[in-house]
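**Student:** To start, I am sharing the structure in question, which I have written as C-alpha cells.
The values are calculated or read from the model by the stated rules, or taken from the named source; none is laboratory data. If you're wondering where the values come from, they're calculated on a predicted model, not measured in any experiment. Ideal geometry is used to build each Cβ from the backbone, glycine not excepted, and the neighbour counts take in all protein chains shown. Surface accessibility is based on the protein's heavy atoms, side chains included, excluding ligands, DNA and RNA. Shrake-Rupley method; radii C 1.70, N 1.55, O 1.52, S 1.80 Å.
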Amino acid sequence: MLRDVLTWLVGHPKVFGQAVWQHLTLSCLALTAAIAIALPLSLVLLRWPRVAGVTVGVVTILRAIPSLALLALMLPTLGTGFLPSFVALALYGLPAILINSYTGLRGIDADIVEAARGQGLSNRQVMYRILIPLALPVIFAGIRTAAVQIVSAATLAAFIGGGGLGELITSGMGMLDMPQLIVGGLAVAALALCTEIGFGLMERRMARAGNA
C-alpha cells in the first residue's frame with residue numbers, strides 16, 4: 001500500500017500541490033478573518049459587560065455547531081464554492097479567539113490599569129501598552145486552538161465545492177481509489193499536526209519573552 005501511495009504522489013504532483021495550496025489558502029484567510037473580527041470585538045465587549053455576556057453566550061452556541069452543519073448552513077444563502085467555505089470556517093474559528101481574548105483582557109488586574117492611568121496614559125495607550133501585551137498569551141492560545149480547528153474543518157469544504165485536501169478524500173472514496181484517499185487523509189493529519197506544533201512553539205517563545 002505504501003508503494004501505491006508513493007506512486008500516486010509521483011503521478012499526480014500538480015493535483016496534490018493544488019489541493020494543498022487551496023487548503024492552506026482557505027485556512028489562512030479564514031483564520032485571518034476570525035482574528036480580525038474577534039480581537040476588535042473583544043475590546044468592545046470589555047467596555048460593555050452586559051452585552052458581553054449575551055455575545056459570549058451566542059458565540060458559545062456557535063461553537064457547539066458541528067463544522068459540517070455550519071458549512072451546510074451556508075448553502076441556502078451563499079451557494080457553493082470558496083466563499084461559503086471561507087465564511088463558515090471563519091465563523092468556526094471565531095469562538096475560540098473571541099472567548100480567549102475577552103477572558104484574557106478581562107482577567108487583568110484592575111490595579112494595574114488604574115496605575116497606568118495614574119501615570120497619564122490615555123485609554124488607547126492603556127489598551128495597546130498594558131491590556132493587550134498582558135493578555136497576549138491567552139489570546140494566542142485561542143488563536144492556536146482556532147488554527148487547528150480551521151485546518152481540520154477545511155477538509156469538509158470539499159462537500160460544498162470549497163476545494164482543498166478534502167477533494168482528494170472525497171474523490172478517493174467516490175472512485176474507490178485508496179492511495180488517493182490515504183494521501184488526502186495523511187496530508188490533512190500532517191497539516192493539522194504541523195499547525196499545532198508550529199503555534200505551540202510560538203506560544204512558548206511568547207511566554208518566555210513575557211516572563212523575561
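**Student:** In whole percent, and with a 1.4 Å probe on the protein chains, what portion of the accessible area of the range 1-41 is carbon and sulfur? Please report the intermediate quantities before stating the final value.
**Tutor:** Numbers: 1980 of 2620 Å².
Carbon and sulfur: 75 percent of the exposed surface of the range 1-41.
**Student:** What does the charge count around VAL138 come to, taking other residues whose C-beta lies under 15 Å from its C-beta (Lys +1, Arg +1, Asp -1, Glu -1)? Can you show the working numbers first?
**Tutor:** Numbers: positive: ARG106, ARG144, ARG204; negative: ASP109, GLU203.
Its environment carries a net charge of +1.
**Student:** Determine the gain in length on full extension of the stretch VAL44-THR25; use 0.36 nm per residue of separation and subtract their C-alpha separation, reporting nm with one decimal.
**Tutor:** Working: separation 19, 0.36 × 19 = 6.84 nm, distance 2.90 nm.
Result for the pair: 3.9 nm of gain on full extension.
**Student:** Based on the mean of other Cβ atoms within 10 Å per residue, sort peptides 184-191, 172-179, 155-162, 136-143 so the most packed one is first.
**Tutor:** Numbers: 184-191: 17.8, 172-179: 13.8, 155-162: 23.0, 136-143: 20.8.
Going from most to least packed, we get 155-162, 136-143, 184-191, 172-179.
**Student:** Can you work out the FRET efficiency for the pair LYS14 and ASP109, with r the C-beta to C-beta distance and R0 = 41 Å, to the nearest 0.05? Don't skip to the answer; put the middle values down first.
**Tutor:** Details: r = 55 Å, r/R0 = 1.34.
With a Förster radius of 41 Å, E is 0.15.
**Student:** Please compute the Kirkwood hydrodynamic radius over the range 106-212, one decimal place, Å, based on all pairs of different Cα atoms.
**Tutor:** Value: 16.8 Å, from the Cα pair sum.
**Student:** Could I ask something else about it? Measure out, as a whole number of angstrom, how far apart the alpha-carbon centroids of the range 143-206 and the range 90-120 sit.
**Tutor:** Using only Cα atoms to place each centre, the spacing works out to 31 Å.
**Student:** If each of THR32 and THR60 carries a label point 7 Å out from its Cα toward its Cβ, how far apart are those two points in nm?
**Tutor:** Taking the simple label geometry, THR32 and THR60 are separated by 3.3 nm.
**Student:** Turning to a different aspect of this structure: Per residue, how much accessible area does the chain show when a 1.4 Å probe rolls over the protein heavy atoms, in square angstrom?
**Tutor:** Numbers: 11730 Å² over 212 residues.
Accessible surface, normalised per residue, equals 55 Å².
**Student:** Out of the total accessible area of the range 101-158 (probe 1.4 Å, heavy atoms of protein only), what percent is carbon and sulfur?
**Tutor:** On the way: 1540 of 2890 Å².
Carbon and sulfur atoms account for 53 percent of the accessible area of the range 101-158.
**Student:** In addition: With Rg/Rh (Cα atoms, Kirkwood Rh) as the read-out, I listed (1) 1.03; (2) 1.08; (3) 0.95; which label goes with the value calculated from this structure?
**Tutor:** It is the one labelled (2).
**Student:** Between ARG129 and LEU83, 0.36 nm times their residue separation minus their Cα-Cα distance comes to what? Walk me through the numbers on the way to the answer.
**Tutor:** Details: separation 46, 0.36 × 46 = 16.56 nm, distance 3.61 nm.
Length gained, ARG129 through LEU83: 12.9 nm.
**Student:** Compute, for the range 109-208, the length of the dipole vector about the Cα centre, with Cβ point charges of +1 (Lys, Arg) and -1 (Asp, Glu) only. Units Debye, rounded to 20. Intermediate results must be reported in sequence, preceding the final value.
**Tutor:** Working: 7 positive and 7 negative charges, 84 e Å.
Taking the Cα centre of the range 109-208 as origin, the dipole is about 400 debye.
**Student:** What does the highest-first list of 13-22, 118-127, 96-105 look like by mean Cβ count within 10 Å?
**Tutor:** Numbers: 13-22: 14.8, 118-127: 11.7, 96-105: 23.2.
Descending packing order for the listed peptides: 96-105, 13-22, 118-127.
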